1. Give me the net charge for the shell around Trp36: Cβ to Cβ below 14 angstrom, other residues only, Lys and Arg +1, Asp and Glu -1.
2. Could you please state how large a percent of the accessible area of the chain is carbon and sulfur, counting protein chains only and using a 1.4 Å probe?
3. Please work out whether region 10-74 counts as rounded, prolate or oblate from its C-alpha gyration tensor, where a ≥ b ≥ c are the square roots of the eigenvalues and a/c under 1.5 means rounded, while otherwise a/b larger than b/c means prolate and anything else oblate?
4. Mind ranking 61-73, 33-45 by how tightly packed they are, going by the mean number of other C-beta atoms within 10 angstrom, highest first?
5. Do you know the relative contact order of region 39-124, to the nearest whole percent, from alpha carbon pairs under 8 angstrom that are 6+ apart?
6. Percentage of Cα-Cα pair distances in region 1-42 greater than 12 Å, rounded to whole percent?
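The values are calculated or read from the model by the stated rules, or taken from the named source; none is laboratory data. What you see is a predicted model; the values in this text were computed from it and never measured. So basically every Cβ, Gly included, is an ideal-geometry build from the backbone, and we count neighbours across all protein chains shown. With ligands, DNA and RNA removed, areas are computed over all heavy atoms of the protein, side chains included. Shrake-Rupley method; radii C 1.70, N 1.55, O 1.52, S 1.80 Å.
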Amino acid sequence: QVQVVEFGGGLVQAGGSLRLSCTASSYPFSKYAMGWFRQAPGKEREFVASIMSNGGLTYYADSVKGRFTISRDNSNNTMYLQMNSLEAEDTAVYYCAVGRSGWPDRSEIAYDSWGQGTQVTVSS
């Protein structure tokens, strides 16, 4: 059982920025793709971003392209989501997920370990 923990959620005004962090006990950490998903009230969970095991290839949802940046630091087993120009529509619980392989993917089925979620609230 892999432990996954997200950090960095909070309340921010529209136009502001937040940076989320995620640590996971997957071993070795550098072997597995990582991803971010989010779920807003009354909505289904949706894909946000994913990153290859070596930090090369990345995928983004159209709704966040140009505003969010996913990255990872395999030297400290941490994955990040830098969120800029936040909008009210970004309000959601954000989840960190560990991939089943090193290949990034937009589908939840490609991930087998999930964090507890961290709340991001953007005020208008």
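1. +2
2. On the chain, the fraction of accessible area on carbon and sulfur atoms equals 47 percent.
3. It comes out prolate by the Cα gyration axes.
4. Put in order of decreasing packing, that is 33-45, 61-73.
5. On the way: 130 pairs, mean separation 25.3, N = 86.
Averaging sequence separation for qualifying contacts and normalising by length gives 29 percent for region 39-124.
6. Tail of P(r) above 12 Å: 71 percent of Cα pairs.
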